[in-house]
Amino acid sequence: MPPGLSGSTVWNTGYVEATMNGWQWTPELARVTGVLWGWPSNFGCIVATRAEYLRSFLLDVAATFNTGTLTVPTNSPK
């Protein structure tokens, strides 16, 4: 992967859907669909984690943090 791309957002611009349905495309149709973390150059594709998984993970971490049940493993470095 080119340096600096890991962690970039992956977007569905909504352009194809708009065009296929005869709508005029506007930026409001664009949605973040994932976060990039890999680029296997031999395959001409990108590897990303879906936004739904990231949202769920972050909400779980926030809930755990807010309830005070977030703990640091005993074998983790200080």
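What follows draws every value from the coordinates through simple rules; no lab data is involved. Everything quoted here is computed from the prediction, not taken from an experiment. Cβ placement follows ideal geometry from the backbone for every residue including glycine, while neighbour counts extend to all protein chains displayed.
For region 36-49, the candidate set comprises residues that are in contact with a strand residue (DSSP E or B) (Cβ under 7 Å, 6 or more places away or on another chain) and among the small types (Gly, Ala, Ser); within that set, the residue that is surrounded by the fewest Cβ atoms within 10 Å (Cβ to Cβ) is Gly38. The single residue among Glu17, Glu52 that is surrounded by 10 or more Cβ atoms within 10 Å (Cβ to Cβ), charged (D, E, K, R) and in contact (Cβ under 8 Å) with a residue 12 or more places away in the chain turns out to be Glu17. Candidates are the residues of region 16-52 that are assigned to a strand (DSSP E or B) and more than 18 Å from Pro3 (Cα to Cα); the one that is farthest from the chain's Cα centre (by Cα) is Arg31.
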